[in-house]
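Here it is: the structure, laid out below.
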Amino acid sequence: MRGLVLDFGGVLTDLGDDFANPEPPLLTAARTAKRHGVRTAILSNADGVWAPPIAWQDVFDVVVTSGEVGFAKPDRRIYLVVAERLGLEPSHCVFVDDLAVNVRGAAAVGMVGVHHRSVNATVEELEVLLDLQLQD
């Protein structure tokens, strides 16, 4: 896998159980993946044009919102847009979302879908898919 696409609300905002860490664990995972050459993106159903917090902007190569492109997850077109902007085929991307319907939408276009239920489970699954150690 050469691309990591993360939902914002419910995934990147999930602090997990480690409240001592000032950074959300999946943001740390994305930061580590990017350092190892993985292309990274946020895909959100946010209205309008939205940007991540300034401290996060160096982590993500692409931010796609439904308000910007005019359609929302699980519409197949939004997954194709994010893959195209990453410069990757959908089959080279892992998509993480807390809503199963959105994961199914990504899988329908060829992405590998990860249904986020807990930080630890998601990070462990991403470590296998990306063949990287993302947590200590």
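None of the figures in this text is laboratory data; all of them are computed from the coordinates on show. These numbers come from a predicted model, not from an experiment. We place every Cβ from the backbone using ideal geometry, glycine too, and count neighbours over all the protein chains shown.
Take every Cα-Cα distance within region 1-52, group them into 5 Å bins from 0 onward, and report for each bin the whole-number percent of pairs it holds.
Per 5 Å bin, starting at zero, the Cα-Cα P(r) for region 1-52 comes out as 5, 19, 27, 23, 17, 8, 1 percent.
Want the number for residue 57 to residue 31: 0.36 nm per residue separation, take away the alpha-carbon distance, what's left?
8.3 nm
Right, next: Hey, rough spin-label estimate for residue 117 and residue 101, points 7 angstrom out along Cα→Cβ, what's it come to in nanometres?
It works out to 2.0 nm between the two label points.
How long are the semi-axes of the equivalent ellipsoid of the chain, defined as square roots of 5 times the Cα gyration tensor eigenvalues? Whole Å, largest first.
Each semi-axis is the square root of five times an eigenvalue, giving 21, 16, 14 Å.
So how far apart, in nm, are the two label points at residue 23 and residue 129 if each is 7 Å from Cα heading toward Cβ?
2.0
Rounded to the nearest 500 deg cm²/dmol, what is the calculated helix-only ellipticity per residue at 222 nm for the chain, with -39500 (n - 2.57) per DSSP H run of length n ≥ 4?
Counting only the DSSP helices, I get -10000 deg cm²/dmol.
Through the Karplus equation 6.51 cos²θ - 1.76 cosθ + 1.60, θ set to phi - 60°, convert the phi angles of region 86-103 into ³J(HN,Hα) values in whole Hz; use x for Gly and Pro.
Whole-Hz 3J(HN,Hα) from phi for region 86-103: 7, x, 10, 6, x, 5, 9, 10, 9, 10, 10, 8, 8, 10, 4, 4, 6, 5.
Could you compute Rg(Cα) / (2.2 N^0.38 Å) for region 45-96, with N its residue count?
With N residues counted in region 45-96, Rg over 2.2 N^0.38 Å equals 1.14.
Only Cα pairs under 8 Å and at least 6 apart count here; give the relative contact order of the chain as a rounded whole percent.
Reported relative contact order: 27 percent.
Residue by residue through region 60-68, what is 3J(HN,Hα) from phi via Karplus (6.51 cos²θ - 1.76 cosθ + 1.60, θ = phi - 60°)? Round to whole Hz and write x for glycine and proline.
Those phi angles translate into 10, 6, 9, 10, 10, 10, 5, x, 6 Hz.
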